[in-house]
Amino acid sequence: MNNKSNRPLIFLFLALLVGQGISYLTAPDSWKGFVDVLPRIISMIAFWGPIILLVSFTFVTFTLRMLGFKSFEDLRRESVEENNPAPAIIFTGTLIASILFLMIVIKP
């Protein structure tokens, strides 16, 4: 790997470190309180993540089938080769809508 391909990862890692440092320096008790509940938050993500994935996939697949697309390759061909952004916009909108729906419905 060349050095240029690692730059975004290094930047993101440094941003994470600086953010955590600022958070700790401004409110150490709050930072420690968050770290104490971090295992619970990670557990909730591990529990709800696959459920959200399954429901989102179902919503997106159902919407694309209703529009006549049989695969993601059909969606790509229509969006790129036919220069029609509508299917990609519908795909993205459906995905966002399904995640927002689950954020409203599911209260861990």
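The values are calculated or read from the model by the stated rules, or taken from the named source; none is laboratory data. It should be emphasised that the depicted structure is a prediction, and the values quoted were computed from it without experimental measurement. All Cβ positions, glycine included, derive from the backbone under ideal geometry; neighbour counts span all protein chains shown.
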Taking the criterion of being surrounded by 11 or more Cβ atoms within 10 Å (Cβ to Cβ) and not in a helix (DSSP H, G or I), would at least one residue in region 12-32 satisfy it?
yes
Of all residues in region 77-108, which are out of contact with any Leu (no Cβ under 9 Å at 6 or more places or on another chain), surrounded by 14 or more Cβ atoms within 10 Å (Cβ to Cβ) and over 30 Å from Ile41 (Cα atoms)?
Arg77, Glu78, Ser79
Hits in region 1-11 (condition: surrounded by fewer than 10 Cβ atoms within 10 Å (Cβ to Cβ) and modelled with pLDDT of 85 or more)
Pro8, Leu9
Hey, any hits in region 34-44 for a residue that's surrounded by 11 or more Cβ atoms within 10 Å (Cβ to Cβ), over 30 Å from Leu17 (Cα atoms) and not basic (Lys, Arg)?
no
Out of Thr58, Thr63, report the one residue that is of a type outside the set (D, E, K, R), under 18 Å from the mean Cα position of the chain (by Cα) and under 28 Å from Ala97 (Cα atoms).
Thr58
Name the residue that is farthest from Gly49 (Cα to Cα), counting only residues in region 72-100 that are without any contact (Cβ under 8 Å) to a residue 12 or more places away in the chain and hydrophobic (A, V, I, L, M, F, W, C).
Val80
Is region 48-60 home to any residue that is over 30 Å from Pro85 (Cα atoms) and surrounded by 11 or more Cβ atoms within 10 Å (Cβ to Cβ)?
yes
Among the candidates Phe47, Phe69, Phe59, residue that is assigned to a loop (DSSP other than H, G, I, E, B) and either touching a residue at least 60 places away in the same chain (Cβ under 8 Å) or in contact with a Leu (Cβ under 8 Å, 6 or more places away or on another chain) (or both):
Phe69
